[in-house]
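What follows is a short report on a single structure.
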Amino acid sequence: MRSLFRVLAVSLLLLPAAFGWGREGHRLIASLAALHLNARAQAEIARLLQPGETLESIASWADEIRPQRKETSTWHYINLPVASPHGPWQPFCPASGCVVRIVSEMQARLADRTQPAAARAEALKFLVHFTADLHQPLHAGDRGDRGGNDLPVVFRNRPTNLHSLWDTPLVERAAAQPGFRQRLFRKAGFFERRRLQQGTPAGWAWQAHDVSRDAAYAPLPAARPAVLGDDYVRTAAPAVELQLRRAGLRLARLLNDSLGR
Ligand SMILES: [Zn+2]
């Protein structure tokens, strides 16, 4: 029994975290959003969630229910080709849905006070998760490799893929930089709010697509697997931090728009 448990534990550790920012990324974004909510939105969120739940604790719920809720599997991303100029996103959104459409749908459901509380609570959990996923550059940009899932990488002597690298190890590396938490969690002033919080989910997806092109794909060496080291991390870290910042402030805006009026 013990050895079976050990095998299970080891295989869980080896599972690729290919579902969007890893737990750490989702948690950071939810915490940052929570700092920028108005009192009305805070009260509504407390009413919709169960006792003990917080934005941070529910931020990865959509990944946990993914195996049981098959219809949600394409909601975590949109594959915008990196070589494509900005334009309509709809051609890249499958009938089963994509992150751009789902963020708007969940925001509308959350804001609709005629909906049952349970449906609005679920919309809240989805909105918190998918607004974050929308900002993981490889959940928006794609080079025919399923957002880097099919692009083999060796990082610190460990085989992985480009997508997983951006989900978790790069977030952990960025978070280990001096002053990271002070910078990420500083209260946004008027001008930063105006600069970062405006726009639409579609525009934010095209912006993340640009980040994937410039910070994820462009610095790759030609050989496969791509052997990546500290140079790659140094280029990526500011992009990771900026995407986390944008995601947190924009999530706060969507929640204030839906619940804070
Ligand atoms: Zn996800």
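The values are calculated or read from the model by the stated rules, or taken from the named source; none is laboratory data. Bear in mind the structure is a predicted one, so any value in this text is a computation, not a measurement. A quick note on method: Cβ atoms are made from the backbone with ideal geometry, for glycine too, and the neighbour counts reach across all protein chains shown.
For the reader, a short list of remarks on this structure follows.
- When the stretch 148-185 is filtered for residues that are in a loop (DSSP other than H, G, I, E, B) and either in contact (Cβ under 8 Å) with a residue 24 or more places away in the chain or buried (at least 22 other Cβ atoms within 10 Å of the Cβ) (or both), the ones remaining, listed by number, are Gly148, Asn149, Leu151, Arg156, Thr168, Gln177, Phe185.
- Selected residue (only one of Ile29, Ile78 is touching a residue at least 12 places away in the same chain (Cβ under 8 Å), under 25 Å from Ser164 (Cβ atoms), of a type outside the set (D, E, K, R) and not in a helix (DSSP H, G or I)): Ile78
- Filtered residues of the stretch 103-115 (kept if outside any helix (DSSP H, G or I) and not β-branched (Val, Ile, Thr)): Asp112, Arg113, Gln115
- All positions within the stretch 116-147 that are in a helix (DSSP H, G or I), within 15 Å of the ligand (Cβ to nearest atom) and hydrophobic (A, V, I, L, M, F, W, C): Phe126, Leu127, Val128, Phe130, Ala132, Leu138
- Test: residue in the stretch 212-223 that is at pLDDT 95 or above, farther than 24 Å from Gly87 by Cα, loosely packed, with under 12 Cβ neighbours inside 10 Å and of a type in the set (A, V, I, L, M, F, W, C): yes
- Among the residues of the stretch 186-201, those identified as exposed (fewer than 14 other Cβ atoms within 10 Å of the Cβ) and assigned to a helix (DSSP H, G or I) are Phe190, Phe191, Glu192, Arg194, Arg195.
- Considering residues of the stretch 29-48 that are farther than 24 Å from Arg246 by Cβ and not small (Gly, Ala, Ser) only, the residue surrounded by the most Cβ atoms within 10 Å (Cβ to Cβ): Leu48
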